[in-house]
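What follows draws every value from the coordinates through simple rules; no lab data is involved. Remember, predicted model here, so these are calculated numbers, not experimental data. Glycine gets a Cβ as well: all are built from the backbone with ideal geometry, and neighbour counts include every protein chain shown.
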Amino acid sequence: MEYDHKKIEKKWQQLWEQNKTNEVDLDAAKKPFYNLMMFPYPSAEGLHVGNMYAFVHSDAYGRFMRLQGYDVFEPIGLDGFGIHAENYAIKIGEHIRDVSMRTEANYYRQLKMIGNQYAWSHKVETYKENYYKWTQWLFLKMYERGLAYRKKSLVNWCSKCKTVLSDEQIIGGECERCDTETEKKEMKQWFFKITDYAERLHRNLEGIDWSEDVKIIQRNWIGRKVGAEVNFDVHVGGLKGKVGGKVDELNIFTTRPDTLFGVTFMVICPEHALINTYKSKIKNYEEVLDYLNNIKNKSDIERTDLNKDKNGVRIDGLVVVNPINKKRVPVFVADYVLPNYGTGAIMAVPAHDERDFEFAKKYGLEIVEVVSSTGRMEEKELVVAYSENGISINSDLLDGLKTKDAKEKIINWLKESNLGKEKINYRLRDWCVSRQRYWGPPIPMIKCEACGWIPVSEEQLPVRLPEMDDFLPDGKGKGPLNKIDDFVQVDCPKCQGDARRETDVSDPFVDSSWYYLRFLCTEFERKPLDKERLEKWMPINMYIGGKEHSVLHLLYSRFVAMVMCDIGYLKEEEPFKQFRAHGLIVRDGAKMSKSKGNVVNPDEYIKVYGADTVRMYLMFVGDMRQGGDWRDTGVRGMYRFVKKVYTLLGRVAPLDQLADRGEDDDFKRLLHKTIDGVKRDMENLKYNTAISKLMVLTSKMQELGCTRDELGDLVVMLVPFAPHLAEEMWESLKLVKDKGVLDQLWPEFDPSLAIEKVMELVLQVNGKIKAKVEVLPDIMEHEAQKVALENPKIKGVIGDKKVIKMIFVPGKLLNIVI
RNA sequence: GCCGAUGUGGUGAAAUUGGUAAACACGCACGACUCAAAAUCGUGUGUCGCAAGACUUGUGGGUUCGAUUCCCACCAUCGGCACCA
């Protein structure tokens with residue numbers, strides 16, 4: 001019996017498709033289990049081994065759950081809209097539509113080849129009308145609730161991709177897609193108000209079962225900070241002499257309201273409205289304007305360079321009064337204060353903030369210490385800002401209070417005097433969803449001169465993405481659709497007058513923010529989602545995917561699910577009950593890259609060794625969370641194993657013909673320990689050790705032979721890893737069962753058969769192993785001591801030294817301390 | 001700078017609550033089969049040592065009868081954030 005993977009895998013893949021083995025009746029399912037993997041954004045190179053790595057791990061889990069009796073729904077689709085695909089099409093000079101059709105075919109071919117139990121009848125492609133129609137619907141829902149809005153603000157601009165991008169798509173200052181350094185531009189764009197959900201997004205992280213590191217990344221990105229908002233009065237005048245009346249208020253956010261007595265100046269950002277409002281009162285307006293212009297000309301990198309000197313300009317003519325001690329302090333404009341965090345203005349406490357300290361030193365400003373570690377004034381002069389918590393000093397009512405208590409007291413004081421309040425601030429900013437590109441869903445909005453922005457009505461969806469030959473972005477701030485008059489010109493839905501369509505398309509991350517909901521509802525043509533379906537199947541039981549989406553897809557999806565929950569489509573606001581991030585797969589210790597030419601092409605390996613071998617190798621190469629190191633020799637080793645398993649069919653015999661299977665059945669013990677151990681490993685996604693346990697069992701079966709039922713147990717356990725092989729062997733075994741191997745239940749574990757009859761007791765002296773003896777597993781402490789002290793080796797080590805004590809660990813060891 | 005992860009043989013990696021470090025696999029060596037090779041099977045394989053034995057989980061400390069595991073300090077690599085008040 002030669003193992004012919006080509007024949008076997010083809011045969012079963014065809015049978016699965018014919019018999020719809022992997023389809024689930026979503027309505028009839030009794031024990032729903034939604035097993036999701038991040039659907040790929042297809043590239044022309046085809047399925048990367050990195051995708052494959054994630055997919056087979058996810059599939060193994062789904063198959064395992066099926067063996068636990070669940071109705072597992074495992075959908076797949078393509079996230080095909082987007083800049084990535086479009087850029088590639090531009091590069092090779094073909095139309096994106098043609099390229100997409102080609103990559104689609106290629107992807108589905110490859111995805112079928114790896115043998116995952118996909119519910120093919122539920123596939124979605126984000127770039128098909130029957131999908132993006134509903135992405136547009138989602139936009140309308142957002143708009144209805146005031147969660148989609150237009151605003152002019154500083155946005156990220158990629159000069160190579162010629163579009164704006166969201167904050168989440170800027171990775172270390174570079175475009176997520178093309179690694180070009182991005183710049184800030186002031187533009188009017190569509191945003192989703194994710195900041196309205198900041199608190200819920202932050203709070204819920206507590207209760208969801210996700211990889212801890214991903215939760216931390218999200219938490220940091222959301223950046224929740226508890227502090228206070230304080231209102232300072234702004235007056236016209238100078239620091240000395242007469243001062244005019246209050247003309248305005250300057251609101252600031254601080255996380256250290258307890259340092260209010262230490263405020264010696266204020267700083268506003270260059271974009272702050274105060275400057276323009278009081279330009280006639282500002283004595284050195286020219287100088288201020290010079291400074292602002294100077295900053296405008298600086299690039300982003302220059303402006304945010306941390307090593308750069310802090311500089312700014314005093315706004316002469318305005319002063320601010322500290323509400324707590326009525327002290328007049330100067331106001332500066334400086335670019336170390338950011339326009340898009342807090343209120344764009346700060347109270348400067350140089351003694352307790354590094355940046356303020358640096359600024360104060362440079363401009364010779366007063367530094368007043370109001371916190372110290374001891375609660376007493378420090379003897380020596382401050383050389384660095386003391387930004388830790390401590391005890392308040394020089395702070396009147398706060399003196400002697402610990403930072404935590406001082407904060408609380410001052411916030412109460414602010415509230416009572418109506419000068420401020422507790423305030424929670426987030427780093428998270430709204431999600432910019434406009435893209436000045438072609439390959440995406442047109443944003444379904446119409447601009448009428450008379451009526452303003454009017455949403456396209458739901459019945460009019462989809463707003464079809466028009467065919468166009470020249471789909472290249474021009475970089476002038478409008479999408480390519482702007483070139484098509486037929487598309488742009490439209491009657492206003494309200495007044496029937498002349499109006500223009502929005503020509504930007506939406507961010508591809510909008511597409512992927514809800515695909516998992518659509519998977520459950522693909523057969524509904526007239527509605528995007530079916531509430532019953534969602535109630536039955538959501539939230540997703542297990543989601544496996546890459547860490548690179550920690551903030552991006554995983555954050556956006558949570559936000560969109562919350563909105564869907566608020567609208568009433570979902571019962572629970574968190575879409576992914578469990579999420580596990582997988583690691584990166586490298587090759588021979590180095591990152592795979594096209595330029596290095598070390599990219600693993602899964603097709604080749606599947607051709608030579610078969611999908612089962614490649615699947616198993618990917619799961620054996622290391623812990624899923626850590627990723628793995630691809631080695632060709634390792635794949636060959638796995639191939640050896642797969643073949644070895646297959647040859648076990650020739651080792652099947654009736655029990656009485658098997659040698660070495662006496663009363664005390666060691667083999668039976670191993671089998672049951674394996675059944676138990678592999679199950680535990682699978683539950684914890686420790687596939688590598690699960691496989692190693694199966695290898696041990698396989699070797700033993702090969703050595704001793706096994707019964708039909710025993711091999712059947714192994715074959716069932718192999719299903720998650722090597723489904724084709726399992727099917728083939730199951731068929732050969734001709735076991736009388738009413739269902740195929742994919743729908744068997746996990747072999748039953750009998751703990752009584754797994755009990756050891758003898759054990760090896762480790763004998764240590766002072767924690768070092770000196771001898772091992774075979775004893776009964778339930779040996780009592782005093783017996784063990786007797787055995788140990790009579791052991792010649794131990795005797796020799798102890799000699800005439802005195803035994804101080806003996807520590808006995810049942811089932812493990814005895815340690816003698818001398 | 002802040003937050004997080006990782007560091008174990010020649011290699012990929014294992015190690016329930018602290019209890020036999022290196023399971024499983026790759027590679028290598030030797031052997032069997034073969035005219036030969038491949039494939040397959042068997043044996044060995046952390047380091048030093050002929051051996052007895054000693055040493056060994058990034059480095060240095062600590063707690064403990066006992067530490068890959070817990071604590072402290074440091075080093076290296078990778079990832080996230082970064083003038084966020």
Tilt of helix A:611-620 relative to the longest C-alpha principal axis of chain A, in degrees (0 to 90, nearest 10)? 70
Overall Cα dimensions of segment A:686-818, principal axis frame, Å, largest first: 68, 26, 24
Volume per residue that the Cα convex hull of segment A:408-512 spans, once the total is divided by residue count, Å³: 203
Hey, what's the Cα Rg ratio for chain A versus the globular rule of thumb, 2.2 N^0.38 Å? 1.21
By how many degrees, 0 to 90 and rounded to 10, does the Cα axis of helix A:96-113 deviate from the longest principal axis of chain A? 30
Exposure proxy ranking, count of Cβ atoms within 10 Å, fewest first, for A:H672, A:H582: A:H672, A:H582
Considering every pair of different Cα atoms, what Kirkwood radius, in Å, is found for segment A:623-778? 17.5
Using a basic spin-label model with each label point 7 Å from the Cα along Cα→Cβ, how many nm lie between A:T255 and A:K739? 5.3
Please arrange A:W190, A:W16 by counting, for each residue, the other beta carbons lying within 10 Å of its beta carbon, fewest first. A:W16, A:W190
Taking N as the number of residues in segment A:668-716, what value does Rg over Cα atoms divided by 2.2 N^0.38 Å take? 1.09
If you wrap a convex hull around the C-alpha atoms of segment A:736-813 and split its volume per residue, what is the figure in Å³? 132
Would you please classify the overall shape of segment A:1-63 from the alpha carbon gyration tensor, given that a ≥ b ≥ c denote the square roots of the eigenvalues, rounded means a/c under 1.5, and beyond that prolate means a/b larger than b/c while oblate covers the rest? oblate
Proxy exposure order for A:R109, A:R526, A:R669 (fewest C-beta within 10 Å first) is A:R526, A:R109, A:R669
P(r) for segment A:254-351: what percent of alpha-carbon pairs falls in each 5 Å bin, starting at zero? 2, 13, 22, 24, 20, 12, 6, 1
Along principal axes, largest first, the alpha-carbon spread of segment A:693-771 in whole Å comes out as 57, 24, 23
What share of Cα pairs, in percent, lie more than 18 angstrom apart in segment A:459-515? 45
List, in order, the whole-Hz ³J(HN,Hα) value for each residue of segment A:491-504 obtained from phi through the Karplus relation with A = 6.51, B = -1.76, C = 1.60 and θ = phi - 60°; use x for Gly and Pro. 7, 5, x, 9, 10, 6, x, 5, 8, 10, 7, 4, 10, 7
Counting all Cα-Cα pairs in segment A:1-147, those more than 26 Å apart amount in percent to 38
A:D399 versus A:N284, label points 7 Å from Cα toward the beta carbon: distance in nm? 3.6
When the Cα centres of segment A:66-87 and segment A:94-127 are compared, how far apart do they sit, in Å? 10
Tally Lys/Arg at +1 and Asp/Glu at -1 over every other residue whose Cβ is under 14 Å from the Cβ of A:Q578; what's the total? 0
Dipole axis of chain A (+1 Lys, Arg; -1 Asp, Glu on Cβ), positive-most option in A:A499, A:M695, A:V599: A:V599
Where both partners of a DSSP beta bridge lie in chain A, what percent of those bridges are antiparallel, to the nearest 5? 75
Looking at the calculated P(r) for segment A:29-101, what percent of the C-alpha pair distances fall above 13 Å? 69
Viscosity 1.567 mPa s, temperature 4 °C: what is the translational diffusion coefficient of segment A:305-397 from Stokes-Einstein with a Kirkwood Rh over Cα pairs, rounded to a whole number of µm²/s? 89
Using alpha-carbon positions, what is the distance between the centroids of segment A:415-467 and segment A:152-216, in Å? 15
By DSSP, what percent of the beta bridges with both residues in segment A:521-646 are antiparallel, rounded to the nearest 5? 10
Let me see the P(r) profile for segment A:498-576: every Cα-Cα distance counted, bins of 10 Å, each bin given as a percent of all pairs. 17, 46, 27, 8, 2
Whole-angstrom Cα spans of segment A:159-314 along principal axes, big to small: 62, 40, 33
Would you calculate a helix-derived [θ] at 222 nm for chain A, using -39,500 (n - 2.57) for each DSSP H run of n ≥ 4 and dividing by the full residue count, to the nearest 500? -10500 deg cm²/dmol
When a/c reaches 1.5 or more, the comparison of a/b and b/c decides; with that in mind, is segment A:633-720 rounded, prolate or oblate per its Cα gyration tensor? oblate
Based on the Cα atoms of segment A:433-575, what semi-axes does the equivalent ellipsoid have, where each is the square root of 5 times one gyration tensor eigenvalue, given in whole Å with the largest first? 32, 19, 13
Where a ≥ b ≥ c are the square roots of the eigenvalues of the C-alpha gyration tensor, would you call segment A:137-229 rounded, which needs a/c under 1.5, or, failing that, prolate if a/b is larger than b/c, or oblate? oblate
Could you sort A:800-808, A:61-69, A:28-36 so that the peptide with the highest average Cβ count within 10 Å comes first and the rest follow in order? A:61-69, A:28-36, A:800-808
Say the cut-off is 30 Å between C-alpha atoms; which of A:K123/A:K607; A:K123/A:K185; A:K547/A:K686; A:K686/A:K805; A:K6/A:K547 go over it? A:K123/A:K185; A:K686/A:K805; A:K6/A:K547
